[in-house]
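Please read the structure below before turning to the comments.
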Amino acid sequence: MATFAKPSRINLKQTAITAGQIALLCLFAWGCQLLAKQINSPIPGSVIGLGLLLLLLACKLVPESSVNLGSTWLIGDLLLFFIPPVVAVIKYQALLEHYGVVLIGSMLAASCCVLVGTAFTVDRLFKFEHKQNLKKQLAKLHLEKVKQGACQ
């Protein structure tokens, strides 16, 4: 007899936590935008917000779990944020007929640069994390050997 997977049910608690995290991320982004406007920063508020959030996460002042579900949902549904470019393509069709190849080429080149930069950064971070884990394991093994030597 075949077994069927149970249909996934929407977890109300997880949905509420995700919505709360998204709301907090939006409020944080809005606050950083206001901050950038108040100090007349040439750096956009979104970039300031990402930098601050990265700093808070790196310093462990904000636990990763407090933004994990919301950020996962935002990244998963990121396609919705690409609707405005589609509208622009329809609205500025004449402009794209003249400069379309150049624009698409520059966008592809920029995207490739971002992908290569991201891949390089992730690779370096994985190597760094691997080295840190190896150091911890070696220290643990050394400590165990010292304990064994002290016991004998």
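The values are calculated or read from the model by the stated rules, or taken from the named source; none is laboratory data. Computed from a prediction, not measured in an experiment: that's the story for all the values here. Ideal geometry is used to build each Cβ from the backbone, glycine not excepted, and the neighbour counts take in all protein chains shown. Surface accessibility is based on the protein's heavy atoms, side chains included, excluding ligands, DNA and RNA. Shrake-Rupley method; radii C 1.70, N 1.55, O 1.52, S 1.80 Å.
Assorted remarks:
- Extension gain from residue 66 to residue 135, taking 0.36 nm per residue of separation minus the Cα-Cα distance: 21.9 nm
- Relative contact order, whole percent, for region 13-126 stands at 24, derived from Cα pairs under 8 Å and 6 or more residues apart.
- Length gained on full extension, residue 56 to residue 96: 10.2 nm, using 0.36 nm per residue less the C-alpha separation.
- Sum of side-chain charges, residue 21 neighbourhood, beta-carbon under 13 Å (Lys, Arg +1; Asp, Glu -1): 0
- Under 19 Å from the Cα of residue 140 - aspartates and glutamates, other chains or at least 8 residues apart: 129
- Computed over the chain with a Gaussian network model linking Cα atoms closer than 10 Å, the most mobile of 48, 75, 39 is 39.
- Here the gap between residue 39 and residue 128, fully extended at 0.36 nm per residue and compared with their Cα-Cα distance, gives a gain of 28.4 nm.
- Within region 57-138, GluC sites (Glu not before Pro) in DSSP loop having at most 11 other beta-carbon neighbours inside 10 Å: 64
- Of the residues 21, 132, 38, the one that moves most in a GNM of the chain with alpha-carbon contacts below 10 Å is 132.
- Residue range of the chain that is longest and free of chymotrypsin sites (Phe, Trp or Tyr not before Pro) which are both DSSP loop and sparsely packed (at most 14 other C-beta within 10 Å): 5-91
- Scalar couplings 3J(HN,Hα) for region 100-111, obtained by applying the Karplus form with A = 6.51, B = -1.76, C = 1.60 to θ = phi - 60°, are x, 5, 5, 5, 5, x, 5, 5, 5, 5, 5, 5 Hz; x denotes Gly and Pro.
- Accessible surface of region 51-108, 1.4 Å probe, proportion on carbon and sulfur as whole %: 77
- Residue 62 long-range amide H proximity, modeled H, under 5 Å: 57
- Among (i) 16.9; (ii) 21.0; (iii) 15.9, the entry derived from the coordinates for Kirkwood radius over Cα pairs in Å: (ii)
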